[in-house]
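Chemist: Please read through the structure below; I'll follow up with questions.
Read-outs: derived from the displayed coordinates by stated rules, not from any lab. Treat the numbers as computed from the prediction; the structure is a model and nothing was measured. We place every Cβ from the backbone using ideal geometry, glycine too, and count neighbours over all the protein chains shown.
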Amino acid sequence: MSTPASPSQFSPASVQEALAATISTGSFADTAYYLFSRRTADGAVGRPTVVYASSRVMRAAAEHFDIQLGGRFSTDDRIPDSTADYGYEHDSDIDDAEECELACELDPAEVVVLGESSGSKGKSKASRDDGASDSAPGSADLRDDASRKGIAHTLYVPDVAAVTWHALVFFVYTGTIHFAPLRSNGLEARRAALEQHRGARPDLPALCSPKSMYRLADMVGLAPLKELAEKEIQRQLAHEGIAAELFSHFSATYPDVLNAQIRFVYDGGRMAQVMQALQRQVAVTVSGGAPHAESVLNVLLSSLSELLLKGPAYTPQARGSSKQPGKGPVVSGL
């Protein structure tokens, strides 16, 4: 699904000026972000992929990128082939091997060419062209390619998927975002949407998870994009998948999302439709199988108690959060 942001939502004059400057200067992509693009068989994430961007445009979009690309992060020359230390275990934009083969396997050569560009909070450093051999296997080619293109900044982002970052950069440039269906509403529908989008519009970013984008927009402080992602998450809520969404790590982390899900469950007489699924999730949580969901269970039961006391006109509100606001993504500069 394509979701455009209206001019009132996202059209900072500074971004327009930065884009205009690239027309007259002839200089566009000067930044390369390296991110992982798929999950490996052992559960780690791997296949580092490049997303190019204009530092001038990115710095104009949000303070986060101004700090990021101003060189105020520690540096790290390594681009590992894979890592088990990924900051978002349930990221649906990091697809398993089977789903990548079916729907959205990324070719590093075609990931982003927005005028020849596309790029959390990374540790940054100017690109090196000395052919240093201290990089992890496979990273030398990525760095050499950036050097040949005259890239000034290279950043390794170990905790955001390439698909999500690509979509973020495209949004900064165009104000448009393309979201994928939530997995909780059916993997087949998601795969079909991914395939259809890629076949019909191969030059655009792949569909991205609204949950993954909500997380990233929150990390980088891009409020208009976060709002669009939140609205898309709410739009896709359905009684078939609401129990899984409600008791997810994601909902336990973001109280605004949990609040919307609580309202969805209690509004419109949906409780009877989802009761069995909720009971299964509650049983798993009570048995210790989902420790992250204990806070969700507390909110769910508290909301039920208030609803019973105050009557059907009452709208439950989620409370509490394990979220640490403003914590940006990790980035390593090369």
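Chemist: So how do 19, 35 line up by other beta-carbon neighbours within 10 Å, fewest first?
Modeler: 19, 35
Chemist: Tell me, 230, 195 in order of fewest to most beta-carbon neighbours within 10 Å?
Modeler: 195, 230
Chemist: Can you tell me the relative contact order of segment 238-310? Whole percent, Cα pairs under 8 Å, sequence separation 6 or more. Please report the intermediate quantities before stating the final value.
Modeler: Values: 49 pairs, mean separation 26.9, N = 73.
Computed value for segment 238-310: 37 percent relative contact order.
Chemist: With contacts defined as alpha carbon pairs under 8 Å and 6 or more residues apart, what's the relative contact order of segment 179-297 in percent?
Modeler: 22 percent
Chemist: Just grab the label-to-label distance for residue 16 and residue 306, each label 7 Å out from Cα along the Cβ direction, in nm (one decimal).
Modeler: Inter-label distance under the simple model: 4.2 nm.
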